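The numbers here are math on the coordinates, done by the rules we state, and not lab data. Bear in mind the structure is a predicted one, so any value in this text is a computation, not a measurement. Note that we place each Cβ from the backbone using ideal geometry, even for glycine, and neighbour counts take in every protein chain shown.
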Amino acid sequence: MQVMETTYKALFTADQMKAAGATAQIAVVPLRRGLTLLSGAGGNILVLFGPDGAVAVDSGLSTAQAQISKALAAVTVEPLRYLINTHCHFDHAGGNEWMHSAGAEIIAQERARLRMDSEQIIPAFDAVVPPSPSSALPTVLFAQSQTLAVNDEVIQLRRHTPAHTDTDISAFFAKANVLHTGDTWFHGIYPFIDYDNGGSIRGMLAASAENLSLANSETIVVPGHGEAGDRNDLLDFHEMLLSVCDKVAALKKSGDSVEAVVAARPTLPFDDAWGSGFIPPDLFVSLVYRGL
């Protein structure tokens, strides 16, 4: 199947992202209470270590298996027990198959399995992603929320309204006070809204507000992409979304085309802080326009 045409594109394709995964360098950042952040090979991976076995939130790119395995082995001898997918995308769930083979039971919101069991088309990344193999599919599924007690920790899984996709969840480690937002928050990068897989800009705003409600001044917040941050960083993101949405909505209501709205540069006050990621301002504006 041919990828649908789209005027505005990400700065690299899915194939380029996967190719980069083969040589990616994994940064290992200890957080607190047995939690460690692994980043550099797709979406951020958060791992909880302890006597009950390791719990991973997301599995990264499939092409980075060797580096991720090495990073895991360097910080724990415990086998993988659970893998939590924050959503269905290949840069967050690409390592599912090998992590399952290593012993992990895969947990996700129920629509994530449906998306992963089907072809995913993501035009902005020139991507046609084939269905995942059966061993990579989540088998522990929930509709709205689920709680997992493991390694003296309570992990609260919560579905967001369709946001980045229609499969998004957050994972809140209550005792450690650490929140993994998945791709409902991009730190220092304009976010991607995947309408072709159920995404919603209004849902992104709702998810952002829900993340803020979970976090306090002591919460460590792990984004889907970018460095770990805190509640103030979540608030900056939320205010940026609100401002850009308001500007784009006003221009669209006045009858401006998407090309005219992109040319008006409604993100200009934020471009220095947010515009250097893999979602350029023109793509982000076009995505906001599409959803309003």
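Points worth noting:
- Residues (crowded, with 16+ Cβ neighbours inside 10 Å and closer than 20 Å to Arg159 by Cα) located in the stretch 123-139: Leu137, Pro138
- Long-range neighbours under 6 Å by Cβ, at least six apart or interchain, first residue over 15 Å from Thr167 (Cα atoms) within the stretch 113-127, second of a type in the set (Ser, Thr, Tyr): Pro123/Thr6; Ala124/Thr6; Phe125/Thr13; Asp126/Thr13
- Qualifying residue in the stretch 220-234 (condition: outside any loop (DSSP other than H, G, I, E, B), closer than 20 Å to Pro123 by Cα and free of Cβ contacts under 8 Å to residues at least 60 places away in the same chain): no
- Taking the listed residues Phe284, Phe270, the one that is surrounded by 20 or more Cβ atoms within 10 Å (Cβ to Cβ), in a helix (DSSP H, G or I) and either within 22 Å of the chain's Cα centre (by Cα) or hydrophobic (A, V, I, L, M, F, W, C) (or both) is Phe284, with no other qualifying.
- Residue count, the stretch 157-182 (criterion: hydrophobic (A, V, I, L, M, F, W, C) and over 13 Å from the mean Cα position of the chain (by Cα)): 6
- Of the helices (runs of 4 or more DSSP H) lying entirely inside the stretch 89-156, those containing at least 2 residues that are over 18 Å from the mean Cα position of the chain (by Cα) are 96-101.
- Complete set of residues in the stretch 131-148 that are more than 17 Å from Ser59 (Cα to Cα) and polar (S, T, N, Q): Gln144, Ser145, Gln146, Thr147
- For the stretch 18-51, the set of residues classified as surrounded by 15 or more Cβ atoms within 10 Å (Cβ to Cβ), touching a Gly at 6+ places or on another chain (Cβ under 7 Å) and not in a loop (DSSP other than H, G, I, E, B) consists of Gly21, Ile45, Leu48, listed by residue number.
- Selection count, the stretch 168-197, where residues are β-branched (Val, Ile, Thr) and either in contact with a Gly (Cβ under 7 Å, 6 or more places away or on another chain) or surrounded by fewer than 24 Cβ atoms within 10 Å (Cβ to Cβ) (or both): 4
- Scanning the stretch 244-255 for residues that are over 16 Å from Ile193 (Cβ atoms) and touching a Phe, Trp or Tyr at 6+ places or on another chain (Cβ under 9 Å) returns a single hit, Leu251.
- Test: residue in the stretch 80-98 that is crowded, with 21+ Cβ neighbours inside 10 Å, β-branched (Val, Ile, Thr) and touching a Pro at 6+ places or on another chain (Cβ under 6 Å): no
- Taking the conditions (1) touching a helix residue (DSSP H, G or I) at 6+ places or on another chain (Cβ under 9 Å); (2) under 22 Å from Tyr8 (Cα atoms); (3) among the basic types (Lys, Arg); (4) surrounded by fewer than 19 Cβ atoms within 10 Å (Cβ to Cβ) in turn, Arg231 satisfies each one other than (2).
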